[in-house]
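Let me begin by presenting the structure, written as structure tokens, before commenting on it.
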Amino acid sequence: MRHDLKSPIVAAVSGTLAVNILPSGMRCGVETGMVRDQAGSARNGSAVAVSSSSSSHWVDNLVAGGTASLCSKLVLQPLDIAKTILQASAEVRGSYSNLAQCLAGIVRDGGIPKLYTGFIASVAVSAPSSAVFVACYECSKNAIERASSSFPAPFQTLEDFVPLLAAAVGNVAASVVRVPPEVIKQRVQAGIYRDIFQATRAVWATEGLPGFYCGYSMQVARDIPYSALQFMTFEYLKKRYSHRENLHMDQKNSKRLVHDLCIGALAGAVACTLTTPLDVAKTRVMTQNPSDPLVYMGLQATLQKIWLEEGIAGFGRGMVPRVLYKVGSSICSLLSVL
């Protein structure tokens, strides 16, 4: 059972569609349909026609992926800043207790442009981090599959988990690119710095290179279980509704894609919900003011401090905007490929 990504170019450009939204199984299903369609074209036409079609398809995916990524961030960036503020410490969060209060307060204090704080950093990191993820995912997946082929027969069933292991490697590598802009973005969103340029200069001057990787381990600790939960939920839902999926096999590829994206959005929502405590801990560490004594240090210590000070409610902060962001990204991606 193989779970292949779509074109790395599409993943690198869109990020949202190929990495954050679609589990490997879904990408495999969509790709399989495309390969089947292209194979049919090859039987009925010349090689030149197929090559032309593939080139056109590549360009279409490039444009669609880039459009999906940009549009999703334009529409959903307010949810990202609301999530950051709601998850941050009480000093940053103030009296905000829910999404509506937070968004209204941001607009009241800084107007509509304030909702797009950190937008440049979000856009800048999307393509390179997705490209690193895809490259490392593919390399590690191929290496693991080659190694697993020599395992005894009872252990060869573990090949179904190859995408999980490969995604873990991809997330560790991609976080090297993701974390510095994330630190800058969240500190600007938390009001520690005026803009990303001031933040970049300040972090370099006061903390050096390690400052840009504040919270790196927590980013990885969040992304790996997120990928695993998303993948397992997606596979469960695919099997649960396999009889419905079979009805789509003879229909247009776009209809199957709608079906898979809906399941992927639900799987992403489940993974978001269950990993929110880890996301809260990451935000607390990243949004600490470096000029003040550090309060949150290490994943376990941060989780314990949140529990002692805020109880179970502290682990759920920012859950609503985070889930809405992921589901909204899936919708934007869906609209771009139909």
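Scalar couplings 3J(HN,Hα) for segment 299-307, obtained by applying the Karplus form with A = 6.51, B = -1.76, C = 1.60 to θ = phi - 60°, are 5, 5, 5, 5, 4, 5, 5, 4, 5 Hz; x denotes Gly and Pro. Give the carbon-plus-sulfur fraction of the accessible surface of segment 99-199 in %, rounded to a whole number; probe 1.4 Å, heavy atoms of protein chains only. For segment 99-199, the apolar C and S fraction of the accessible surface comes to 70 percent.
Projecting label points 7 angstrom from Cα along Cα→Cβ for Ala100 and Val75 puts them 2.2 nm apart. Taking all protein chains together, Thr283, Thr233 sort by accessible area into Thr233, Thr283, largest first [probe 1.4 Å].
Full extension of the chain between Ala135 and Asp109 yields a length gain of 5.1 nm, computed as 0.36 nm times the residue separation minus the alpha carbon distance. Taking 0.36 nm per residue of separation and subtracting the current Cα-Cα distance, fully stretching the chain between Tyr236 and Ile312 would add 24.6 nm. Of the residues Thr84, Thr200, ranked by 1.4 Å probe accessible area with the largest first, the sequence reads Thr200, Thr84. Looking at the square roots a ≥ b ≥ c of the eigenvalues of the Cα gyration tensor of segment 73-182, which shape do they give, rounded for a/c under 1.5, prolate if a/b is larger than b/c, or oblate? In terms of gyration-tensor shape, prolate.
The values are calculated or read from the model by the stated rules, or taken from the named source; none is laboratory data. It should be emphasised that the depicted structure is a prediction, and the values quoted were computed from it without experimental measurement. Reconstructed Cβ throughout: ideal geometry from the backbone, glycine too, with neighbour counts over all protein chains shown. With ligands, DNA and RNA removed, areas are computed over all heavy atoms of the protein, side chains included. Shrake-Rupley method; radii C 1.70, N 1.55, O 1.52, S 1.80 Å.
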